[in-house]
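Novice: I have a structure here, written as structure tokens, and I will follow up with some questions on it.
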Amino acid sequence: MDKEIWKKPKICSNIGGQALIEGVMMRGNDRVAVSVRKSTGEIHTEIKQSVPLTKKNRFFGLPFIRGGVSFIDSMVVGIRTLMDSAELVDLGEEEEKESKFDIWMKKKLGENYFSYMLYFSVFLALAFSIAVFVLLPNAAVSFFNIDKSSFGGSLLASTLEGLIRVGLFILYVWLVSKNRDIKRVFQYHGAEHKTIYAYENDEELTLENVRKHTTLHPRCGTTFIFIVLIISSLIFAFTGWHNRLVNLVIRLALLPLIAGISYEAFKLSARSDSKLVRIISVPGLWLQKITTSEPDDSMIEVAIASLKAVLQEQPVTES
């Protein structure tokens, strides 16, 4: 593992980012910057105001509460910027033409069309995650001959469920990585990490300075998701084993608690020099070897443009 990952940064930054379609999003304290490489070769950047819910509401910012709120908030912002990047990139005349369905939906929903599509996308993402990473592992355990009436059997079944959940997530990420377009997104993901490293080391944001850094970052969302999977498996192991409906209700009810604990563990892992914390972070960093790739210079330039935009002190538009 690269020693740079564990090196204490000169600047303790809370800037986060996300790889997009031919671009990078960077998020600061009160704004989001989206930079994309258009088909003409130019870099187009847009900056919008976006204050996290944890800063808008004091209650949402409390420890163990802020985890679940931040997760949903990040998902909404992430999907919104992903949709924005798809519109900003020149995809050719045929792909830019609206479908009959889009035209019909816009007539029905009017100005609220984009908002409805955004929240529908968030709903689909959550539904998919619950189906694949909650329902499917729970159902899969039923195929194993385990006496779940005893504590030991229940613990074994829940542990097995957790292992299946982690295995499914790794398989999903690996399969997605085989797509050519996703490979480019993963390269932009690497560019995002390299650029943040340069900033946290108080270096000038140039190609030469950014290029030398690693693509693996301890504060990556991939690491957070992996921590969620591990902590959920540990908590579910002590909830007992019931019929599928009761298991589902228990698991859904515990999701806010799991998100809260995972978020605090994630923040700790990103700032602590403890060997135990480093061990906890390692699986997520290993997974980043799939979700990040070495970018080319044109991708690094986009990431630099996005980070510079989010760092600028200038008026921003409402999102």
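Novice: For His213, state whether it is modelled with pLDDT of 95 or more, closer than 24 Å to Glu22 by Cα, crowded, with 18+ Cβ neighbours inside 10 Å and in contact with a Phe, Trp or Tyr (Cβ under 9 Å, 6 or more places away or on another chain).
Specialist: Yes.
Novice: Out of Met105, Met83, Met75, report the one residue that is more than 17 Å from the chain's Cα centre (by Cα) and either at pLDDT 80 or above or part of a helix (DSSP H, G or I) (or both).
Specialist: That would be Met105, the only listed residue that is more than 17 Å from the chain's Cα centre (by Cα) and either at pLDDT 80 or above or part of a helix (DSSP H, G or I) (or both).
Novice: Need pairs with beta-carbon distance below 9 Å; first residue free of Cβ contacts under 8 Å to residues at least 60 places away in the same chain and under 18 Å from Gly284 (Cα atoms) and within segment 169-197, second among the β-branched types (Val, Ile, Thr) and assigned to a helix (DSSP H, G or I); sequence gap 6+ or separate chains.
Specialist: Tyr172/Val132; Val176/Ile182; Val176/Ile290; Val176/Thr291
Novice: Restricting attention to segment 187-204, and to residues there that are of a type outside the set (Ser, Thr, Tyr) and closer than 14 Å to Ser298 by Cα, which single residue is nearest to the chain's Cα centre (by Cα)?
Specialist: His189
Novice: Of everything in segment 36-58 that's within 28 Å of Ser70 (Cα to Cα) and β-branched (Val, Ile, Thr), which residue is surrounded by the fewest Cβ atoms within 10 Å (Cβ to Cβ)?
Specialist: Restricting to residues being within 28 Å of Ser70 (Cα to Cα) and β-branched (Val, Ile, Thr), the top hit is Val51.
Novice: Also: Can you list residue pairs whose Cβ atoms sit under 6 Å apart, with the first residue in segment 219-237 being within 20 Å of Ile5 (Cβ to Cβ) and the second being at pLDDT below 85 and in a helix (DSSP H, G or I)? Count only pairs 6 or more apart in sequence or on different chains.
Specialist: Sorted first by the residue in segment 219-237, then by its partner, the pairs are Arg219/Ala270.
Novice: Picking from Ser319, Ser272, Ser281, which residue would you name as being touching a Pro at 6+ places or on another chain (Cβ under 8 Å), at pLDDT below 90 and on the phi < 0 side of the Ramachandran plot?
Specialist: Of Ser319, Ser272, Ser281, the one residue that is touching a Pro at 6+ places or on another chain (Cβ under 8 Å), at pLDDT below 90 and on the phi < 0 side of the Ramachandran plot is Ser281.
Novice: Among (1) of a type outside the set (Val, Ile, Thr); (2) at pLDDT 90 or above; (3) more than 20 Å from Ser262 (Cβ to Cβ); (4) part of a helix (DSSP H, G or I), where does Lys48 come up short?
Specialist: Just one mismatch for Lys48, condition (4).
Novice: Any idea which residue in segment 168-197 is surrounded by the fewest Cβ atoms within 10 Å (Cβ to Cβ), counting only those that are out of contact with any Pro (no Cβ under 6 Å at 6 or more places or on another chain) and either part of a loop (DSSP other than H, G, I, E, B) or polar (S, T, N, Q) (or both)?
Specialist: Lys178
Novice: Step by step: first the residues of segment 198-245, then only those that are aromatic (Phe, Trp, Tyr) and in a loop (DSSP other than H, G, I, E, B), then the one that is nearest to Ser35 (Cα to Cα). Which residue is that?
Specialist: Phe238
Novice: Consider Leu229 against the criteria (1) over 19 Å from the mean Cα position of the chain (by Cα); (2) within 17 Å of Ser158 (Cα to Cα); (3) modelled with pLDDT under 90: it satisfies all of them except one. Which criterion is unmet?
Specialist: Single failed check for Leu229: (1).
Novice: Tell me, yes or no, whether segment 233-249 has at least one residue that is under 30 Å from Asp181 (Cα atoms) and out of contact with any Asp or Glu (no Cβ under 7 Å at 6 or more places or on another chain).
Specialist: Among the residues of segment 233-249, not one is under 30 Å from Asp181 (Cα atoms) and out of contact with any Asp or Glu (no Cβ under 7 Å at 6 or more places or on another chain), which makes the answer no.
Novice: Can you name the condition, by its number, that Gly260 falls short on among (1) under 16 Å from the mean Cα position of the chain (by Cα); (2) surrounded by fewer than 21 Cβ atoms within 10 Å (Cβ to Cβ); (3) over 27 Å from Leu175 (Cβ atoms)?
Specialist: Unmet condition: (2).
Novice: Taking the conditions exactly as written (in contact (Cβ under 8 Å) with a residue 60 or more places away in the chain, closer than 19 Å to Phe224 by Cβ and not charged (D, E, K, R)), does Phe71 satisfy them or not?
Specialist: yes
Novice: Select from segment 263-280 the residues that are surrounded by 15 or more Cβ atoms within 10 Å (Cβ to Cβ), farther than 18 Å from Asn14 by Cα and of a type outside the set (Lys, Arg) and list them in ascending order.
Specialist: Val277, Ile280
The values are calculated or read from the model by the stated rules, or taken from the named source; none is laboratory data. Values in this document were obtained by computation on a predicted structure and should not be read as measured data. Ideal geometry is used to build each Cβ from the backbone, glycine not excepted, and the neighbour counts take in all protein chains shown.
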